[in-house]
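**Q** Please see the structure below; I have some questions.
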């Protein structure tokens, strides 16, 4: 091939390349496509406002749960077990005598373990622990029950907590309050930014409780006036929501 032919081929190739590059530029220049916002990974991001808010309601509890323990010790495991069984039976009988239904009394823990001398090398006896969990649905009986089980043989009250048997209506009220607060916050943010809110894109919630709780041992209870004074206080039910609104 002559030198002139090679020059013509080279010139033609350069011209074709220039025309090919110009075509998409011209097409883009005439396009009316709406702008999009994309994240760093190239995904399309919907313009939105994200807000969080809380709603809180308060109510008096209508039931209590208490863990009642009987601990006995003896040099022989059989003696420790016998004494524990007698005391635990007396405690449960006392609880039932105060009107607590059998379905609200449940054994939570039972254990037998050795005890040691001061050197922690020789076994010098055994201890038996029996713990029952009791649901008290008549709160007016709480102090009397605590006093009665101690007299019957219980020697530890591992925890006393108050609750609401059916919190669904209170949760609904806290939820409505939280959503209203979130919407108000989103509207204020949109107004400040000069935009309008669109539809809700997502909504999530979490529910929490703040309960009054007590822990007592036999010595503390004996020091109090009987029956044991108990104040139920109020329970707080809190609903937190996270919401996203589309920006118009």
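The values are calculated or read from the model by the stated rules, or taken from the named source; none is laboratory data. Computed from a predicted model, the values in this text were never measured in an experiment. Backbone-built Cβ (ideal geometry, glycine too); neighbour counts: all protein chains shown.
**Q** Output the residues belonging to segment 226-248 that are closer than 26 Å to residue 137 by Cα and under 19 Å from the mean Cα position of the chain (by Cα). Before the answer, list the steps.
**A** First pass over segment 226-248, keeping only residues closer than 26 Å to residue 137 by Cα: 226-239.
Result: 234, 235, 236, 237, 238, 239.
**Q** Among the residues of segment 92-109, is any out of contact with any helix residue (DSSP H, G or I) (no Cβ under 9 Å at 6 or more places or on another chain) and in a loop (DSSP other than H, G, I, E, B)?
**A** yes
**Q** Further question: So, in segment 110-131, exactly how many residues are without any contact (Cβ under 8 Å) to a residue 24 or more places away in the chain and touching a strand residue (DSSP E or B) at 6+ places or on another chain (Cβ under 7 Å)? Spell out how you get there, then give the answer.
**A** Within segment 110-131, the subset without any contact (Cβ under 8 Å) to a residue 24 or more places away in the chain is 110-111, 113-114, 116-123.
Those still in the list that are touching a strand residue (DSSP E or B) at 6+ places or on another chain (Cβ under 7 Å) too: 110-111, 113-114, 116-117, 122-123.
So the answer is 8.
**Q** In addition: Kindly provide the set of residues from segment 123-172 that are within 16 Å of residue 229 (Cα to Cα) and within 22 Å of the chain's Cα centre (by Cα), ordered by number.
**A** Within segment 123-172, 159, 160, 161, 162 meet the criteria.
**Q** Right, next: With crowded, with 16+ Cβ neighbours inside 10 Å and in a strand (DSSP E or B) as the only criterion, which of 157, 179, 112, 203 stands out?
**A** Working: 179 fails: in a strand (DSSP E or B); 112 fails: crowded, with 16+ Cβ neighbours inside 10 Å; 203 fails: crowded, with 16+ Cβ neighbours inside 10 Å.
Only one candidate passes the filter, namely 157.
**Q** Filter segment 206-231 down to the residues that are surrounded by 13 or more Cβ atoms within 10 Å (Cβ to Cβ), assigned to a loop (DSSP other than H, G, I, E, B) and out of contact with any strand residue (DSSP E or B) (no Cβ under 6 Å at 6 or more places or on another chain), then identify the one that is modelled with the highest pLDDT.
**A** That would be 230.
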